[in-house]
Amino acid sequence: MTAPPPRPGRGGAPLPLLLPALAGLVFLVLPLVALLVRAPWRSMPELLTSAEVWQALRLSLVCATAATAVSLVLGVPLAWLLARVEFRGRGLVRALVTLPLVLPPVVGGVALLMALGRNGVVGRWLDSWFGLTLPFTTTGVVIAEAFVAMPFLVISVEGTLRAADPRYEEAATTLGASRFTAFRRVTLPLIAPGVAAGAVLAWARALGEFGATITFAGNFPGRTQTMPLAVYLALQNDPEAAIALSLVLLAVSVAVLAGLRDRWMTAS
């Protein structure tokens, strides 16, 4: 009987790998620890119950949820197209879809202004035909957040679709179902965990969006000032309030990681 191969990682770590690994861990964890250490715990309830904080938090939650809904409506079909349909230029389309992941958010905000601003490529027609102005509005916040968050959902759903067996969908079509019915009744339930994971990632990314939002939607309290913008503004005038708001966003990020633990982390 052949002995099973030894499991990797059971021996001692070599020093040339251990030292930079520990340094990298400290580099990533130290700022978060410092945030907790310097937090004004005694005045935290007062800081977090102010009207401005709740206004920014409510707007952030509403806009992030709306941006996630937009990402689901547009991103899931786009992911299906990239995963299931062969067409010329698919690699280019995939690259364009993922471009907001690496594009500086401020550049994304400028691009949105050039496209949807009052004098933008499309925005001028929206303004003249429908009287619709998107920049510096709450709708503009949703658009900016969806622009930067949708690629996270598309990547997650496309990966899940590629891992799913397409024969179930093909069997449904051979039995008379249309491609859309097969997707809705067969494929979508199979990829539901991937869709949920992508939606959570998109929601978290939208909640933390700053650069594209402040460039395209501005920073108007009650209308476009989300939590990241409130943190930036508070840092200039009230550092303790900035720390308190940062802790709220940190708690949300930890909750997202906890929710995705079974999908992205494996037990040792």
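Annotations
- Among the chymotrypsin sites (Phe, Trp or Tyr not before Pro) in the range 81-149, those placed in a DSSP loop whose Cβ has at most 13 other Cβ atoms within 10 Å are PHE87.
- Relative contact order for the chain: 28 percent, from Cα pairs under 8 Å spaced at least 6 residues apart, divided by residue count.
- Restriction of the trypsin sites (Lys or Arg not before Pro) in the range 28-125 to DSSP coil positions whose beta-carbon has at most 15 other beta-carbons within 10 angstrom yields ARG38, ARG42, ARG88, ARG118.
- CD proxy at 222 nm, helix term only [per DSSP H run n ≥ 4: -39500 (n - 2.57); per residue of the chain; nearest 500]: -23000 deg cm²/dmol
- Per residue, the accessible area of the chain comes to 60 Å² when a 1.4 Å probe rolls over the protein heavy atoms.
- Check: the range 110-268 dipole with +1 on Lys, Arg Cβ and -1 on Asp, Glu Cβ, in debye: 380 debye
- Positive end of the dipole of the range 39-134 (Cβ unit charges, origin at the Cα centre): among GLY131, LEU99, ALA111, the Cα lying farthest that way belongs to LEU99.
- Overall form of the range 2-131: oblate. Here a/c, set by the Cα gyration tensor axes a ≥ b ≥ c, is 1.5 or more, and a/b is not larger than b/c.
- Under 5 Å between amide hydrogens, built in the peptide plane, is the criterion, and for GLY218 it picks out PHE136 among residues at least 5 positions away or on other chains.
- Relative to the globular-protein estimate of 2.2 N^0.38 Å, the Cα radius of gyration of the range 67-222 stands at 1.18.
- Cα-projected label distance for ALA258 with GLU86, points at 7 Å along beta-carbon direction, nm: 4.7 nm
- Of (1) 191; (2) 218; (3) 145, the label for volume of the Cα convex hull per residue in Å³ derived from the coordinates: (2)
- Inter-probe distance in nm under a simple model that places probes 7 Å from Cα toward Cβ, at VAL73 and VAL107: 2.9 nm
- Karplus-derived HN-Hα couplings along the range 137-152 (A = 6.51, B = -1.76, C = 1.60, θ = phi - 60°), whole Hz, x at Gly and Pro: 10, 4, 4, x, 4, 4, 5, 4, 5, 5, 4, 8, 9, 4, x, 4
- Across the range 169-177, rounded Karplus estimates of 3J(HN,Hα) from the backbone phi angles (6.51 cos²θ - 1.76 cosθ + 1.60, θ = phi - 60°) give 5, 5, 5, 5, 5, 5, 8, x, 6 Hz, Gly and Pro being marked x.
- Counting protein heavy atoms only, the chain has 70 percent of its accessible area on carbon and sulfur, 1.4 angstrom probe.
- Top of LEU249, LEU175, LEU36 by mean-square fluctuation, Gaussian network on the chain, Cα under 10 Å: LEU175
- In order along the range 108-116, the phi-based Karplus estimate (6.51 cos²θ - 1.76 cosθ + 1.60, θ = phi - 60°) of 3J(HN,Hα) comes to x, x, 5, 4, 5, 4, 5, 8, 10 Hz; Gly and Pro are listed as x.
The values are calculated or read from the model by the stated rules, or taken from the named source; none is laboratory data. Small disclaimer: the values here were computed from a predicted structure and weren't measured. Note: ideal-geometry Cβ built from the backbone for every residue, glycine included; neighbour counts use all protein chains shown. What goes into the accessible areas is simple: the full protein's heavy atoms, side chains included, and nothing from ligands, DNA or RNA. Shrake-Rupley method; radii C 1.70, N 1.55, O 1.52, S 1.80 Å.
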